[in-house]
Each structure stands twice: as C-alpha cells, then as structure tokens.
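Here's the structure we're looking at; comments come further down.
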Amino acid sequence: MILIAYLRVFAALGWLLLRRPASRFKTAMIGSRLRVAALAVALSIAAVGLVLLTQGQATSVGTALLIVLISAAGIYITGTVSWGAPGADWLRMIGWIGMVLPLLIPSTLTLALPFVALLAFTLRSPDDRAER
C-alpha cells in the first residue's frame with residue numbers, strides 16, 4: 001500500500017516537472033469545485049495532524065514532522081483561499097511540497113500521500129490545462 005502511495009506522488013512530481021511553463025492563474029477559468037475539493041483535502045490533512053499532535057504520543061521527530069505538516073497545510077490553504085492574488089500559486093506550491101515531504105517518511109501517515117498527490121492538479125495553470 002505504501003508503494004502505491006509512493007508511485008502516485010512520483011507520478012504527480014513527474015507530471016509537474018514535464019508540464020509547460022505556467023502562465024498566470026485566472027480565477028474565472030478555475031471551477032469552484034476544484035478549489036473546494038482542494039480545501040477539503042488540505043483541511044483534513046491539517047486536522048489529522050492536529051489530532052495526532054494533541055495526543056502527545058509522538059516522538060520528538062514525529063512532533064517536528066507533524067508541525068511541518070500542519071504548517072504546510074496552512075500555507076497551502078492560504079494559497080487556495082487567495083487563488084487569484086499575486087503569489088498565491090507560490091503559496092500552493094510551497095504548501096504542497098511541505099505536505100509531501102513529511103509524508104514521504106515511512107509511517108502510517110504515508111497512506112495519506114495519494115490524497116496530497118491529488119492536490120498537484122491545483123498547482124498547474126488553467127491555461128496549460130486548456131492547451132493540452
């Protein structure tokens with residue numbers, strides 16, 4: 001199961017690296033369903049991180065990883081809420097990378113990696129989607 005999670009995130013990374021250069025995001029071209037789904041996934045990842053952090057059973061490394069995960073989810077959520085603002089695409093990219101990195105370390109949380117990999121669709125410009 002963890003191997004499938006790793007394969008999905010590497011496929012998302014390959015897709016991001018092989019895409020054409022992104023142009024500016026345009027709010028009118030993005031459906032609100034995609035934004036709501038992205039927010040739901042990011043909020044659920046942050047909620048799981050908060051629940052695990054408040055239980056107090058994590059080691060010091062686990063606590064650090066959970067703090068990075070929660071912070072990155074917050075950055076991603078900020079970028080998604082302010083979709084058309086300047087720099088919002090960078091906030092989503094930084095937040096997505098910050099959520100992926102702690103999940104790459106083998107643990108039970110790695111099973112959330114396919115859901116975070118799905119958020120990669122919000123990192124691509126709508127203009128690029130229309131061209132392909």
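Readers should treat all values here as calculations from the given coordinates under stated rules, not as data from a laboratory. Nothing here was measured: the structure is a model prediction, and the numbers come from that model. Cβ: placed from backbone, ideal geometry, glycine included. Neighbour counts: every protein chain shown.
Key figures
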| read-out | value |
| --- | --- |
| Approximate spin-label separation Q57-S82, in nm, with each point projected 7 Å along Cα-to-Cβ | 3.8 nm |
| R35 versus T108: modelled label distance in nm, points set 7 Å from Cα along the beta carbon direction | 3.5 nm |
| Bins of 10 Å, starting at 0 and running to the largest distance - Cα pair percent for segment 86-127 | 28, 49, 20, 3 |
